[in-house]
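The values are calculated or read from the model by the stated rules, or taken from the named source; none is laboratory data. Keep in mind that this is a model prediction, so the values were computed, not measured. Neighbour counts are summed over all protein chains in view; Cβ atoms, including those assigned to glycine, are modelled from backbone coordinates with ideal geometry.
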Amino acid sequence: MKKTKVALAGSGFISHIHMESYLRFVHEAEVVAVYSRNKENAANFAKQYNIPTCYDDYGKMIKESGCEVVDICLPNFLHHKATLMAAEQGKHIILEKPFCVTLQEADEMIAACKEAGVLLMYAEELAFAPKYERVRNLVTKENAIGKVYMLKNGEKHSGPHSDWFYDVSQSGGGALMDLGCHAIAWMRWVLGGNPKIKSVSATMQSIYHYERSKAEDNSVVVIEFENDVIGVAEDSWARHGGMDDKIEIYGDKGVVYSDLFQGNSSLTYSVDGYGYVAEKAGESKGWSFTMFEEVFNQGYPHELIHFIDCVRNGTKPLVTGEDGRAVLEVIYAAYESAGTGKKVYLPFNSDVEVPIDLWLRQGIKRKIATL
Ligand SMILES: NC(=O)c1ccc[n+]([C@@H]2O[C@H](COP(=O)([O-])OP(=O)(O)OC[C@H]3O[C@@H](n4cnc5c(N)ncnc54)[C@H](O)[C@@H]3O)[C@@H](O)[C@H]2O)c1
């Protein structure tokens, strides 16, 4: 069987997760090249995973590696340029979240991929996480809870691992941009893929990373969907105790709760502590939740298997560039709402440099007083 050739852009946190997924689960793909701006990191990453070639020049990798697919695992502010360059060379693209930094970039990326006739998938793994997919099927296919009137997602931890996340000129925003994008994409996915959104209201705080970043590190967003369904996204970089991702769906005939991390784990008590607990969990002494098959449970392999299948069969990805843009539009509206204190009606656009400017430009007091 001829395998689909993938070039991986980036050698950081999420690149390792994608590599584990490719090697263990995506048998119809082979990663033929890796790019890192640091030559040594590229070489070390290639050695670790037996990747035949490595590059410290992204353009060269796309042109010379013989790849059919580029898997973009670079910081947010590079998504736009990396996508345009890959599309120009006729490569299919799978792109990590958030889609990009601005709506203008999003429009250019979608247009470039259309013009080049390449597939563009927005890598939203919550649409593939097995536990959440079971819940979506319960609700949408098995009618387990009747008519949905409210759904919630919360993703929380104590803050990202790399400096660029905290620099809003590179990330575009804080916890909402980084984690809230999952909530918005997941809600859209449960509600059929492209539900109409009427309005967005939000409030935000900067509590834990106040000194380090202008970004919000705690946010609550309320979305009014068509048919009066309410969506609530709670996203935080200020919550200690390791990665937390939970959903709740309420219907007129029932309710379903699902916990992606702690609900999948073994409850452990350790006097001396031990090795790995879970993503961003920190301390392992005392009580902890020991994750297993973390990459699998979050849906990364299923997402990559799906995209490779789309490339091989020329079919449309389940999550597209348009979905990535729609998520970003809600993020814009949420920053605007948190800044102005008003409900924002969609469609909404603005020519700000980065989405969080919509909040910051109101000059509101970011630090919250503690009791
Ligand atoms: N799907 C998810 O849940 C999930 C989880 C983590 C990260 N991500 C996304 O993946 C992307 C990468 O995040 P990460 O956690 O791997 O970050 P990271 O900091 O761990 O790795 C980033 C990579 O990009 C490189 N890089 C940084 N600045 C660069 C620059 N100026 N020029 C060229 N290369 C540069 C770094 O050297 C590194 O290889 C981000 O868009 C992030 O939002 C998604």
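If the condition is being more than 9 Å from the ligand (Cβ to nearest atom) and of a type in the set (A, V, I, L, M), then the stretch 35-57 contributes ALA43, ALA46, ILE51. Before we move on, is GLY172 over 26 Å from ASP259 (Cβ atoms), within 12 Å of the ligand (Cβ to nearest atom) and within 14 Å of the chain's Cα centre (by Cα)? Considered against the rule, which asks whether it is over 26 Å from ASP259 (Cβ atoms), within 12 Å of the ligand (Cβ to nearest atom) and within 14 Å of the chain's Cα centre (by Cα), GLY172 comes out as yes.
Restricting the stretch 96-123 to residues that are away from the ligand (no atom under 16 Å from the Cβ) and among the β-branched types (Val, Ile, Thr), the residue that is nearest to TYR332 (Cα to Cα) is ILE110.
Among residues of the stretch 122-149 that are under 23 Å from ALA326 (Cβ atoms), those with a Cβ under 7 angstrom from a residue that is of a type in the set (S, T, N, Q) and not in a helix (DSSP H, G or I), sequence gap 6+ or separate chain, pair up as TYR122/THR320; GLU125/GLN298; ALA129/GLN298; TYR132/SER258; VAL135/SER258. Of all residues in the stretch 99-109, those satisfying the criterion of being surrounded by fewer than 20 Cβ atoms within 10 Å (Cβ to Cβ) and either more than 15 Å from GLU353 (Cα to Cα) or among the charged types (D, E, K, R) (or both) are ASP107, GLU108. Looking at (1) over 24 Å from the mean Cα position of the chain (by Cα); (2) β-branched (Val, Ile, Thr); (3) within 13 Å of the ligand (Cβ to nearest atom), which one does THR83 not meet, given that it meets all the others? Unmet for THR83, out of (1) over 24 Å from the mean Cα position of the chain (by Cα); (2) β-branched (Val, Ile, Thr); (3) within 13 Å of the ligand (Cβ to nearest atom): (1). If you go through the stretch 47-63, how many residues are part of a helix (DSSP H, G or I) and either closer than 20 Å to LEU95 by Cα or β-branched (Val, Ile, Thr) (or both)? Residues flagged as part of a helix (DSSP H, G or I) and either closer than 20 Å to LEU95 by Cα or β-branched (Val, Ile, Thr) (or both) within the stretch 47-63 amount to 6. The set of residues from the stretch 215-232 being touching a Gly at 6+ places or on another chain (Cβ under 8 Å) and either buried (at least 24 other Cβ atoms within 10 Å of the Cβ) or in a loop (DSSP other than H, G, I, E, B) (or both) comprises ALA215, GLU216, ASP217, SER219, VAL221, ILE223. Residues in the stretch 233-252 that are part of a strand (DSSP E or B), surrounded by fewer than 20 Cβ atoms within 10 Å (Cβ to Cβ) and among the small types (Gly, Ala, Ser): GLY251 only.
Please determine whether any residue of the stretch 122-132 is surrounded by fewer than 21 Cβ atoms within 10 Å (Cβ to Cβ) and of a type in the set (A, V, I, L, M).
no
Scanning the stretch 6-30 for residues that are within 10 Å of the ligand (Cβ to nearest atom) and β-branched (Val, Ile, Thr) yields ILE14, ILE17.
Answer yes or no as to whether LEU126 is at pLDDT 95 or above and within 10 Å of the ligand (Cβ to nearest atom). Against the criterion (at pLDDT 95 or above and within 10 Å of the ligand (Cβ to nearest atom)), LEU126 qualifies. Identification of helices (runs of 4 or more DSSP H) wholly contained in the stretch 259-371 with 2 or more residues that are surrounded by 20 or more Cβ atoms within 10 Å (Cβ to Cβ) yields 300-313, 321-340, 357-360. Do the conditions hold for SER158, that is, is it at negative phi, within 11 Å of the ligand (Cβ to nearest atom) and surrounded by fewer than 21 Cβ atoms within 10 Å (Cβ to Cβ)? No; evaluated as a whole, the condition is false for this residue.
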